[in-house]
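> Dropping a structure here in structure tokens format, bear with me for questions.
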Amino acid sequence: MDSHSIFTYTLVAAIAIASPGPATLMAINNSLAYGQRSAVWSSLGNASGLFCLSAAAMLGLGALLASSEWLFNAVKILGAGYLFYLGARQLFNKSPMLADGVRDDSKKSRPTPFKLYKSAFLTAVTNPKATMFYTALFPQFIDQSATLLPQFFILTSIFMALSVVSLSLYAALASRANGVLTRPELSRWVSRVVGSTFIFFGAAILTMRRQTA
């Protein structure tokens, strides 16, 4: 791969990653509810999920999703269902997300780092749109005459690094705003918006159509 291809890929990937999606919403939500440091685990979980998706795309699983309607629909329903679950949990959560003293509660009220990581990982790997994105994007920048594995690691590492940086920035911005959002009434409103947005993303996934050649 030449430097021009890497630069072009980085630019395209940065634009795609900067667009808000379920991973961004999760990082913002965790930053508001549990502090900015908690978003680190969400970012790492999402990055790990992206690595798995890129590996799947390189192995041809993305093409399999595109060619198999039942498999594509199964992944789509699984991903949408998980986002619906996250949204419903926010909507029906009676305690305010950002009430004063929420970060002083006992450790039982805080999810473990592994739970934050797992939730973000599942959100990433159950998104068929991301898999299709990798399947469509990677071939445009792969040099077929060169060894495939080093190119895979270069492209994937760039995408993962950009994702971590983007999610960290979103989480930092959300953390700076938490002082304005500590009133219980406003906090409940934020929870409703977050829950509704998760459900919106789930519905958007359900409306996706399998791309055929």
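> Among the numbered conditions (1) surrounded by fewer than 19 Cβ atoms within 10 Å (Cβ to Cβ); (2) at pLDDT below 85; (3) not aliphatic (A, V, I, L, M), tell me where Phe7 comes up short.
Here Phe7 meets the rest and fails (2).
> Scanning for something within 23 Å of Ser163 (Cα to Cα), modelled with pLDDT under 75 and among the hydrophobic types (A, V, I, L, M, F, W, C), does region 61-69 turn up at least one residue?
yes
> Sticking with this one: Quick one: would you say Val125 is of a type in the set (Val, Ile, Thr) and modelled with pLDDT of 75 or more? Break it down stepwise before answering.
Values: of a type in the set (Val, Ile, Thr): yes; modelled with pLDDT of 75 or more: yes.
Yes: the conditions hold for Val125.
> Here is a further query. Does Thr156 qualify as being in a helix (DSSP H, G or I), modelled with pLDDT under 75 and among the polar types (S, T, N, Q)? Reasoning before the result, please.
On the way: in a helix (DSSP H, G or I): yes; modelled with pLDDT under 75: no; among the polar types (S, T, N, Q): yes.
When the stated conditions are applied, Thr156 does not pass them.
> Among the residues of region 17-32, is there at least one that is assigned to a helix (DSSP H, G or I), surrounded by fewer than 24 Cβ atoms within 10 Å (Cβ to Cβ) and either touching a strand residue (DSSP E or B) at 6+ places or on another chain (Cβ under 8 Å) or at pLDDT below 80 (or both)?
Looking through region 17-32, at least one residue is assigned to a helix (DSSP H, G or I), surrounded by fewer than 24 Cβ atoms within 10 Å (Cβ to Cβ) and either touching a strand residue (DSSP E or B) at 6+ places or on another chain (Cβ under 8 Å) or at pLDDT below 80 (or both).
> Let me ask another. Which pairs do you get when a residue that is under 15 Å from Ile205 (Cα atoms), found in region 66-77, comes within reach of a residue that is at pLDDT 80 or above and part of a helix (DSSP H, G or I), reach meaning Cβ atoms under 6 angstrom, with the pair 6+ apart or on two chains?
So the pair list comes out empty.
> If we scan region 74-93, do we find a residue that is out of contact with any His (no Cβ under 7 Å at 6 or more places or on another chain), surrounded by fewer than 16 Cβ atoms within 10 Å (Cβ to Cβ), farther than 27 Å from Thr156 by Cβ and modelled with pLDDT under 75?
yes
> Taking Ile205 as the residue in question, decide whether it is at pLDDT 70 or above and within 23 Å of Asn73 (Cβ to Cβ).
Working: at pLDDT 70 or above: yes; within 23 Å of Asn73 (Cβ to Cβ): yes.
It is true that Ile205 is at pLDDT 70 or above and within 23 Å of Asn73 (Cβ to Cβ).
> Could you grab the pairs with beta carbons closer than 7 Å, sequence gap of 6+ or different chains, first residue in region 25-52 and over 14 Å from Ser119 (Cβ atoms), second one among the charged types (D, E, K, R)?
Sorted first by the residue in region 25-52, then by its partner, the pairs are Gly35/Arg103.
> Now, a different point. Inspect region 175-185 for any residue being part of a helix (DSSP H, G or I) and at pLDDT 80 or above and give the result as yes or no. Before the answer, list the steps.
From region 175-185, those part of a helix (DSSP H, G or I) are 175-177, 184-185; that's our starting set.
Remaining after also requiring at pLDDT 80 or above: none.
The answer is no; no qualifying residue exists.
The values are calculated or read from the model by the stated rules, or taken from the named source; none is laboratory data. The structure presented is a predicted model; accordingly, all values stated were derived computationally and were not measured. Here Cβ is always computed from backbone atoms with ideal geometry, including for glycine, and neighbour counts include all displayed protein chains.
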